[in-house]
1. Give me the pairs, please: first residue somewhere in segment 62-78 and at pLDDT below 70, second residue anywhere and open to solvent by 100 Å² or more (accessible area, probe 1.4 Å) and not aromatic (Phe, Trp, Tyr), beta-carbon distance under 9 Å, and either six or more positions apart or on two chains.
2. Being at pLDDT 80 or above, closer than 23 Å to Val25 by Cβ and of a type in the set (A, V, I, L, M) is the requirement here; does Ala178 meet it?
3. Test each condition in (1) farther than 22 Å from Leu20 by Cβ; (2) in contact with a Leu (Cβ under 9 Å, 6 or more places away or on another chain) for Thr121 and report the one that comes out false.
4. Which pairs turn up if I take residues in segment 102-116 that are more than 11 Å from Ser28 (Cα to Cα) and touching a residue at least 60 places away in the same chain (Cβ under 8 Å) and look for partners that are open to solvent by less than 20 Å² (accessible area, probe 1.4 Å) and of a type in the set (S, T, N, Q) with beta carbon separation below 6 Å, at least 6 apart in sequence or on another chain?
5. Being hydrophobic (A, V, I, L, M, F, W, C), open to solvent by less than 30 Å² (accessible area, probe 1.4 Å) and closer than 16 Å to Arg32 by Cβ is the filter here; which residues of segment 100-122 pass it?
6. Does Thr99 satisfy the condition of being among the polar types (S, T, N, Q), within 30 Å of Thr116 (Cβ to Cβ) and modelled with pLDDT under 90?
7. Can you find a residue in segment 34-56 that is modelled with pLDDT under 85, surrounded by 18 or more Cβ atoms within 10 Å (Cβ to Cβ) and either touching a strand residue (DSSP E or B) at 6+ places or on another chain (Cβ under 9 Å) or not in a loop (DSSP other than H, G, I, E, B) (or both)?
8. Which of the residues that make up segment 1-33 are buried (at least 18 other Cβ atoms within 10 Å of the Cβ) and more than 26 Å from Leu123 (Cα to Cα)?
Amino acid sequence: MDAQEQDSFREFVANRSPALLKLAVLLSGGDRHAGEDLLQNALIKAAGRWRFIDEPEAYVRQILYRQQVSRWRLRWPHRETTVAEAPDTATTAQHGDATGAAELRIVVRQALGRLTPRQRTVLVLRYFEDLPEAEVAQILGCSVGTVRSTNHRALDKLRKVAPELGAATRTTALDFPALEARS
C-alpha cells in the first residue's frame, strides 16, 4: 500500500468507524467488545485489498456480514448474557426524555442479545440496514423463504423476551430509532 492509499484508508477509518462500529455491535448482539473485534478484523481484511476496492463502506459492511455468518455457522461457543429481568415499562412512550431513549436502547440491545446469532443477523440486515429479503438471502447464502421464516421467528421471540417493545414489533417493519443507526 503506497502513501496515498494509506492516507485514503486512514481517512475512511476515521470517518466511517463510528457507524460501522454500531453495525458490528448490533451484529454481535450488543457486545461492544465483540463488535470491536468484528470491525477490526473487517478493516484488516479491507486494508489488504484497499487498492482494488471501489466502494469501501459497502465492502467493509459485506465483510462484517460474512464474518458474523461464519461465526454462527462454525458454531463457535458463544457467551450468553444473563439479566435478572427486563424493565417493566415501555420507555420513551411514557417518559419522552433522554432517559427513556437510553432505556429503550438497553432493552433493544438486551433483547437482540437473547436471539440466536442467525435471528439477530436477519433482523439487523432487514431493519437496521433496511435491506430487502432477497439481498439478505444473498448475503447469508440462503433462500428468501429461510430469511422470512427466520425473521418471523425472531420477531416472535422478541415479543416474548421484551414485551415492552410490543408496539414496535407488531408492525410489519421493526424500527430501531433509539439505536441512532446511521451517522
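The values are calculated or read from the model by the stated rules, or taken from the named source; none is laboratory data. Fair warning: this is a prediction, and the values are worked out from it, not measured in the lab. Here the Cβ is made from the backbone with ideal geometry for all residues, glycine too, and neighbour counts use every protein chain on show. The area values use the complete protein model at the heavy-atom level, side chains included, leaving out ligands, DNA and RNA. Shrake-Rupley method; radii C 1.70, N 1.55, O 1.52, S 1.80 Å.
1. Trp72/His78
2. no
3. (1)
4. Leu104/Thr91
5. Val108, Leu112
6. no
7. The answer is no, given that none of the residues of segment 34-56 is modelled with pLDDT under 85, surrounded by 18 or more Cβ atoms within 10 Å (Cβ to Cβ) and either touching a strand residue (DSSP E or B) at 6+ places or on another chain (Cβ under 9 Å) or not in a loop (DSSP other than H, G, I, E, B) (or both).
8. Once the filter is applied, which keeps residues that are buried (at least 18 other Cβ atoms within 10 Å of the Cβ) and more than 26 Å from Leu123 (Cα to Cα), segment 1-33 yields Phe9, Phe12.
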